[in-house]
1. For the chain, what is the calculated [θ] at 222 nm in deg cm²/dmol (nearest 500), taking -39500 (n - 2.57) for each run of four or more DSSP H residues and dividing by its residue count?
2. Ordered by packing density, taken as the mean number of other Cβ atoms within 10 Å over each peptide's residues, highest first, how do 16-22, 119-125 rank?
3. Can you give the accessible area of Lys64, probe radius 1.4 Å, in Å² rounded to 10?
4. Keeping all protein chains in place and using 1.4 angstrom, which order do Phe70, Phe57, Phe41 fall into by accessible surface area, from largest down?
5. Students sometimes get this wrong: rank Glu30, Glu46 by accessible area, probe 1.4 Å, all chains present, largest first.
6. Over region 12-108, give the accessible area per residue in Å² for a 1.4 Å probe, as an integer.
7. Using a Gaussian network model on the chain with a 10 Å cutoff between Cα atoms, which of Ala110, Ala83, Ala32 fluctuates the most?
8. Ser52 to Glu21: FRET efficiency via 1/(1 + (r/R0)^6), r the Cβ-Cβ distance, R0 35 Å, to the nearest 0.05?
Amino acid sequence: MSAPEELRYTEEHEWVATREETLVRVGITEYAQDQLGDVVFVDLPEVGRQLSTGDVFGEVESTKSVSELFAPVDGEVVAVNDAVADSPELINSDPYGEGWLIEIRLDDPAGLEALLEAEAYDALTKG
């Protein structure tokens with residue numbers, strides 16, 4: 001399983017898709033959902049919450065474990081995927097599409113440069 005080239009990644013297995021110059025969408029990778037197993041619950045932040053890189057912004061609970069979600073960039077939560085809250089299995093069935101988690105308005109778009117490119121993320125998960 002290869003990570004989509006157009007996304008950026010964290011070592012904690014979140015992906016980041018640029019939607020506009022200062023707007024990104026965040027989710028967990030296919031690798032992460034595969035490791036978790038069947039996702040049964042997702043706890044997401046309130047819209048308006050300010051995040052700093054590395055902040056815990058929620059958690060994903062599966063039949064195997066509970067994993068914290070970490071902010072990949074600095075910014076404000078401007079949207080939350082309510083469909084995932086209602087149907088957490090979307091994270092398993094479509095992690096890069098309908099299974100997205102939050103959208104963040106970036107404090108500084110340059111923060112994306114610190115994230116991994118697909119090739120580096122693939123190397124991390126194959127290690």
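1. My calculation for the chain gives -4500 deg cm²/dmol from helical runs alone.
2. 119-125, 16-22
3. Answer for Lys64: close to 140 Å² accessible.
4. Greatest to least solvent exposure: Phe41, Phe70, Phe57.
5. So the residues, ranked largest to smallest area, are Glu46, Glu30.
6. Per residue, region 12-108 has 47 Å² of solvent-accessible surface.
7. Top of the fluctuation ranking is Ala110.
8. That pair, Ser52 with Glu21, gives E of 0.95.
The values are calculated or read from the model by the stated rules, or taken from the named source; none is laboratory data. Here the structure is a predicted model, which means the values were calculated and not measured. All Cβ positions, glycine included, derive from the backbone under ideal geometry; neighbour counts span all protein chains shown. To get the accessible areas, we keep the full protein, side chains included, count just its heavy atoms, and leave off ligands, DNA and RNA. Shrake-Rupley method; radii C 1.70, N 1.55, O 1.52, S 1.80 Å.
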